[in-house]
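The values are calculated or read from the model by the stated rules, or taken from the named source; none is laboratory data. A quick note: this is a predicted structure, and the numbers were derived from the prediction, not measured. Note: ideal-geometry Cβ built from the backbone for every residue, glycine included; neighbour counts use all protein chains shown.
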Protein chains: 2
Amino acid sequence: MTDAAVDYHPMWAELGLDLPTHDALLGAVGSMYADAYLTQTDRPEGMSYLDFVVSEVHGLRIKELHDFRAAGGKVVGSFCLYVPEELIRAAGGWSVGLCAGAEFGFEQVERIMPRNTCALIKAFMGFRLTRVCPYIAESDLVVGETTCDGKKKAYELLADLQSVHVMELPQMKRPQDVAFFRQELVELRERLEALTGRPVTAESLKQAIAEVNDKRRALQRIAAARAATPAPISGKDALLATQVAFYDDVPRYTQMMNALADELDARVAAGRGAAPATAKRVLITGTPMALPNWKLHDIIEKAGGIVVGEEMCTGSRYYDKLVDDSAETVDDLMDAIAAKYMDINCACFTPNQGRIDDILRMARELNADGIIDYALNFCALYAAESFTVEKAAQAESIPILKIETDYSAEDLGQLSTRVEAFLEML
Amino acid sequence: MTDAAVDYHPMWAELGLDLPTHDALLGAVGSMYADAYLTQTDRPEGMSYLDFVVSEVHGLRIKELHDFRAAGGKVVGSFCLYVPEELIRAAGGWSVGLCAGAEFGFEQVERIMPRNTCALIKAFMGFRLTRVCPYIAESDLVVGETTCDGKKKAYELLADLQSVHVMELPQMKRPQDVAFFRQELVELRERLEALTGRPVTAESLKQAIAEVNDKRRALQRIAAARAATPAPISGKDALLATQVAFYDDVPRYTQMMNALADELDARVAAGRGAAPATAKRVLITGTPMALPNWKLHDIIEKAGGIVVGEEMCTGSRYYDKLVDDSAETVDDLMDAIAAKYMDINCACFTPNQGRIDDILRMARELNADGIIDYALNFCALYAAESFTVEKAAQAESIPILKIETDYSAEDLGQLSTRVEAFLEML
């Protein structure tokens, strides 16, 4: 897409990245991507945009952040759905997800953090310690949350290295919890306003809500198209669309995803699939899959199945609910934001029946033949809920397979065998 | 202490315990106790009370609970310091700790809960599933809390089997967190009042606060005596005193512990120790040790060291702070309870610098030669803080050893070797 390759090394050097290690990382991710994504046949043409974004994920996009900051803009990094992009944008900032999807620097991480920590947390700290994440390097502020024991403690360590603001997420969903979370949002807003020097107004907040809602609507359209048989897009490609939503420029991304959704609608009308109509359809639920973690999708789809939905933070939890933008004051809009975010069914809440309901509903709506319940090793919350998920699926006679894994390639053979056996059984 | 052995089997049968399994449990705990405790020489005479309590922990004490309930009393079980005994007593109930200190029923537990769950949580569920804990069988209500990911999810499962009330514990200690916790205490109070049918009055609350403060003062006296060289009581015996505090009748226990403290003061004055003055003095910090988990203390003291303090929930976190009982209204007393409990430095809080300060202060005050930082396997919170604890100890040139273990005897040899090497190095 670019006429001549741009050399981003001077920019990365300016960001303090460890250049040889960073080159090695990009090389590895490039090969992983080629093997997982570019080997697919008959992909929607709209995926070429996401191919491009991935090829420039540490290049052009970082250049955009870099230029934005050079012009006085502020970038806010986060790892979690509960950090509202709407507030960051309304204060004039840009929101980015941070690197957390690959095994990097674990040896250094394990010197300051327990080995028995999930790969996602180890990865974000590993990327930071080995200085290979340009997103965290471009972040003027990292907003953390208290969603799980591991992240809660990891932010304490990160705060020694970066400017960090931790929001306290309640653990239940009663009215007093929503009120508490709303107050956390007010504190976050004030912190963001101080950072950017721009007050959040009703107008800026309404506009930010509308923009982020539009992004989520585009993803809802892509998700809805996957209900068709044959599914018009691979699970891997759809997952990538959600992963990129955390990084990309919002209006541009929304436009490109709506174009992709248009194409998917046409493919559905034409009965054109990313896999044969006979391919077994799998719903995945569980721990989020941060870019470039496509491991499970790749295994399933190379085994002849197709992933038709993700009940996860890099999936339906990200896009299936919108913020009500009908209010006219900052206070009322803050209420709407608090209500929407507290309606996400993360396993950090107790009880969390809403997630079970979501899984069963999605399995029905997406005509899933089976569910794969995915947890990263040592993710205590999703591992614990896996027993409830299994019971609920069995009660509805939906076959279910539990997978616990990490980012390494060591168990690929074993997982492939298990997934193949599961698909055959469906 | 009893003239004739009483047969409690009819009572245990009435409670629905699994009698053969329960007999096996009592036999095993009895042997463990004999091996760890009764092999000690020159123990304070006051320990005979605790020997008796342990010998009757599923007998006479359960009979007392049983009789109390038969007369209309209500028993409330819990697993955590953050459940205020003061409120339970003020509503006319009795508070008991629940069985969680031995490996029992883990095979059954792992059918409904991840294998990678800490031994304490697995144990409480294992005791419940195998029906060998008379305390939970006598509990009219179990009060849970959201202190860690594992317990938060475990209470969801327990709620299928028992009446459970979960209190939400905040994760920070700002004024809004204290206010939030205070409201949780109000909800708990209302739940307890509904259970017992007795309203909490300023008078009943003041009395309960005074009684529980007196209990904590007695334990403070025992703790203070341990600063002497030689230490007048073994760590094992002192740990047992704290463990029993969760189960025993409050005024009786307080009286007996004050008698024990008097004796310890006399021993200190006479220079009489539970170990030679040359024994290396160890402060233990970390995950709570529920009765009958004396594993680490036993290893250290059989290796010739002496444990002089426990910065843990079964240690200083339990007794080192009192509730201010000077207020005259229920509302003001509730403020005081909230303030005291939110001042406990559990690793569930972020940040948790107070715990580091406590550890260093205790090491100084108790003249510790070294610190052993103890975490149950898969206790993410204490394992994460262990890196901070280690750094803080090293900065003060206090030798520190990190131990991660569980309730099994499998690693006894390896742990003994490590502890012996550590003591030699001190």
Q: Quick one: which residue in B:Leu366, B:Leu333 is over 19 Å from the mean Cα position of the chain (by Cα) and closer than 30 Å to B:Thr201 by Cβ?
A: B:Leu333
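Results for (1) in contact with an Asp or Glu (Cβ under 8 Å, 6 or more places away or on another chain); (2) of a type in the set (A, V, I, L, M, F, W, C), shown as yes or no for each residue.
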position	(1), (2)
A:Arg281	yes, no
A:Gly286	yes, no
A:Ile299	no, yes
A:Met312	no, yes
A:Asp331	no, no
Q. Could you give every pair whose Cβ atoms fall below 7 Å, whose first residue belongs to the range B:344-368 and is farther than 22 Å from A:Met167 by Cβ, and whose second residue is part of a helix (DSSP H, G or I) and β-branched (Val, Ile, Thr), counting only separations of at least 6 or pairs across chains?
A. B:Ile356/B:Thr388; B:Ile356/B:Val389; B:Ile359/B:Val389
**Q.** Residues of the range A:375-399 that turn out to be closer than 17 Å to B:Phe378 by Cα and either of a type in the set (S, T, N, Q) or out of contact with any strand residue (DSSP E or B) (no Cβ under 6 Å at 6 or more places or on another chain) (or both), as a count
**A.** 8
Q: Residues being surrounded by fewer than 22 Cβ atoms within 10 Å (Cβ to Cβ) and either in contact with an Asp or Glu (Cβ under 9 Å, 6 or more places away or on another chain) or closer than 16 Å to B:Tyr135 by Cα (or both): count how many of those fall in the range B:48-64.
A: 8
(Q) Among the residues of the range B:160-180, are any hydroxyl-bearing (Ser, Thr, Tyr) and more than 30 Å from B:Ile121 (Cβ to Cβ)? (A) no
Q. Which members of the range A:49-95 meet the condition of being under 15 Å from the mean Cα position of the chain (by Cα), charged (D, E, K, R) and over 22 Å from A:Met257 (Cα atoms)?
A. none
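Which helices (runs of 4 or more DSSP H) does the range A:29-111 wholly contain that include 2 or more residues that are at pLDDT 95 or above and of a type in the set (Lys, Arg)? Steps first, please.
Details: elements: A:47-55, A:60-70, A:85-90, A:106-109.
Fully inside the range A:29-111 and qualifying: A:60-70.
Conditions (1) part of a helix (DSSP H, G or I); (2) out of contact with any Leu (no Cβ under 9 Å at 6 or more places or on another chain); (3) among the aliphatic types (A, V, I, L, M); (4) at pLDDT below 95, marked per residue:
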site: B:Val308; (1), (2), (3), (4): no, no, yes, no
site: B:Tyr318; (1), (2), (3), (4): yes, no, no, no
site: B:Gly354; (1), (2), (3), (4): yes, yes, no, no
site: B:Ala368; (1), (2), (3), (4): no, no, yes, no
site: B:Ala375; (1), (2), (3), (4): no, no, yes, no
**Q.** Condition check for A:Glu404: within 12 Å of another protein chain (Cβ to nearest Cβ), charged (D, E, K, R) and over 30 Å from A:Arg89 (Cβ atoms)
**A.** yes
Q. Taking the range A:336-359 only, how many residues are more than 14 Å from chain B (Cβ to nearest Cβ) and over 16 Å from the mean Cα position of the chain (by Cα)?
A. 9
Q. Which members of the range B:283-309 meet the condition of being over 14 Å from B:Gln243 (Cβ atoms) and over 14 Å from the mean Cα position of the chain (by Cα)?
A. B:Leu283, B:Ile299, B:Ile300, B:Glu301, B:Lys302, B:Ala303, B:Gly304, B:Gly305, B:Ile306, B:Val308
Q) When both residues are 6+ apart or on different chains and their Cβ atoms are under 8 Å apart, which pairs have a first residue that lies in the range A:239-261 and is over 17 Å from A:Trp94 (Cα atoms), and a second that is of a type in the set (Asp, Glu) and crowded, with 22+ Cβ neighbours inside 10 Å? A) A:Leu239/A:Glu310; A:Thr242/A:Glu310
Q. Restricting attention to the range A:368-387, and to residues there that are surrounded by fewer than 21 Cβ atoms within 10 Å (Cβ to Cβ) and over 24 Å from A:Ala279 (Cα atoms), which single residue is farthest from the other protein chains (Cβ to nearest Cβ)?
A. A:Asn377
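For the range A:249-266, indicate whether the set of residues that are assigned to a loop (DSSP other than H, G, I, E, B), modelled with pLDDT of 95 or more and surrounded by fewer than 22 Cβ atoms within 10 Å (Cβ to Cβ) is non-empty.
Kept after step one, since they are assigned to a loop (DSSP other than H, G, I, E, B), are these residues of the range A:249-266: A:249.
Still in the running and modelled with pLDDT of 95 or more: A:249.
Cutting the leftovers down to surrounded by fewer than 22 Cβ atoms within 10 Å (Cβ to Cβ) gives us A:249.
Yes, because at least one residue in the range A:249-266 is assigned to a loop (DSSP other than H, G, I, E, B), modelled with pLDDT of 95 or more and surrounded by fewer than 22 Cβ atoms within 10 Å (Cβ to Cβ).
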Q. Does the range A:168-177 include one or more residues that are among the basic types (Lys, Arg) and within 13 Å of another protein chain (Cβ to nearest Cβ)?
A. yes
Q: Give the residues of the range A:94-123 that are over 21 Å from A:Asp411 (Cα atoms) and away from chain B (no Cβ under 14 Å), sorted by residue number.
A: A:Trp94, A:Ser95, A:Val96, A:Gly97, A:Leu98, A:Cys99
Q: Tally the residues that are among the hydrophobic types (A, V, I, L, M, F, W, C) and surrounded by fewer than 18 Cβ atoms within 10 Å (Cβ to Cβ), restricting the search to the range A:399-414.
A: 2
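It is to be established whether one or more residues within the range B:291-298 are farther than 30 Å from B:Thr278 by Cβ and either in contact with a Cys (Cβ under 8 Å, 6 or more places away or on another chain) or surrounded by 18 or more Cβ atoms within 10 Å (Cβ to Cβ) (or both). Let's see the steps before the verdict.
Filtering the range B:291-298 down to residues farther than 30 Å from B:Thr278 by Cβ leaves B:291.
Imposing the further condition that a residue be either in contact with a Cys (Cβ under 8 Å, 6 or more places away or on another chain) or surrounded by 18 or more Cβ atoms within 10 Å (Cβ to Cβ) (or both) reduces the set to B:291.
Within the range B:291-298, one or more residues are farther than 30 Å from B:Thr278 by Cβ and either in contact with a Cys (Cβ under 8 Å, 6 or more places away or on another chain) or surrounded by 18 or more Cβ atoms within 10 Å (Cβ to Cβ) (or both).
Step by step: first the residues of the range A:178-200, then only those that are hydrophobic (A, V, I, L, M, F, W, C) and more than 14 Å from chain B (Cβ to nearest Cβ), then the one that is surrounded by the most Cβ atoms within 10 Å (Cβ to Cβ). Which residue is that? Spell out how you get there, then give the answer.
Step one: filter the range A:178-200 for residues hydrophobic (A, V, I, L, M, F, W, C), giving A:178-181, A:185-186, A:188, A:192, A:194-195, A:200.
From what is left, the residues that are more than 14 Å from chain B (Cβ to nearest Cβ) are A:192, A:194-195, A:200.
Numbers: A:Leu192: 25, A:Ala194: 11, A:Leu195: 19, A:Val200: 23.
Filtering first and then ranking leaves A:Leu192.
Given the structure, is A:His22 over 23 Å from A:Val250 (Cβ atoms), in contact (Cβ under 8 Å) with a residue 24 or more places away in the chain and either surrounded by 14 or more Cβ atoms within 10 Å (Cβ to Cβ) or hydrophobic (A, V, I, L, M, F, W, C) (or both)?
On the way: over 23 Å from A:Val250 (Cβ atoms): yes; in contact (Cβ under 8 Å) with a residue 24 or more places away in the chain: yes; either surrounded by 14 or more Cβ atoms within 10 Å (Cβ to Cβ) or hydrophobic (A, V, I, L, M, F, W, C) (or both): yes.
It is true that A:His22 is over 23 Å from A:Val250 (Cβ atoms), in contact (Cβ under 8 Å) with a residue 24 or more places away in the chain and either surrounded by 14 or more Cβ atoms within 10 Å (Cβ to Cβ) or hydrophobic (A, V, I, L, M, F, W, C) (or both).
In the range A:377-426, what residues are among the hydroxyl-bearing types (Ser, Thr, Tyr) and assigned to a helix (DSSP H, G or I)? Working first, answer last.
Filtering the range A:377-426 down to residues among the hydroxyl-bearing types (Ser, Thr, Tyr) leaves A:382, A:386, A:388, A:397, A:405, A:407-408, A:416-417.
Once the filter is applied, which keeps residues that are among the hydroxyl-bearing types (Ser, Thr, Tyr) and assigned to a helix (DSSP H, G or I), the range A:377-426 yields A:Tyr382, A:Ser386, A:Thr388, A:Ser416, A:Thr417.
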Q | Of all residues in the range A:268-281 being surrounded by 20 or more Cβ atoms within 10 Å (Cβ to Cβ) and out of contact with any Ser or Thr (no Cβ under 8 Å at 6 or more places or on another chain), the one that is farthest from A:Met425 (Cα to Cα) | A | A:Val268
Q: Determine which single condition B:Gly92 fails, assuming it passes every other condition in (1) farther than 30 Å from B:Gly197 by Cβ; (2) surrounded by fewer than 24 Cβ atoms within 10 Å (Cβ to Cβ); (3) touching a residue at least 40 places away in the same chain (Cβ under 8 Å).
A: (1)
**Q.** Long-range neighbours under 7 Å by Cβ, at least six apart or interchain, first residue closer than 21 Å to A:Pro114 by Cβ and free of Cβ contacts under 8 Å to residues at least 60 places away in the same chain within the range B:391-414, second of a type in the set (Ser, Thr, Tyr) and in a helix (DSSP H, G or I)
**A.** B:Lys402/B:Ser386
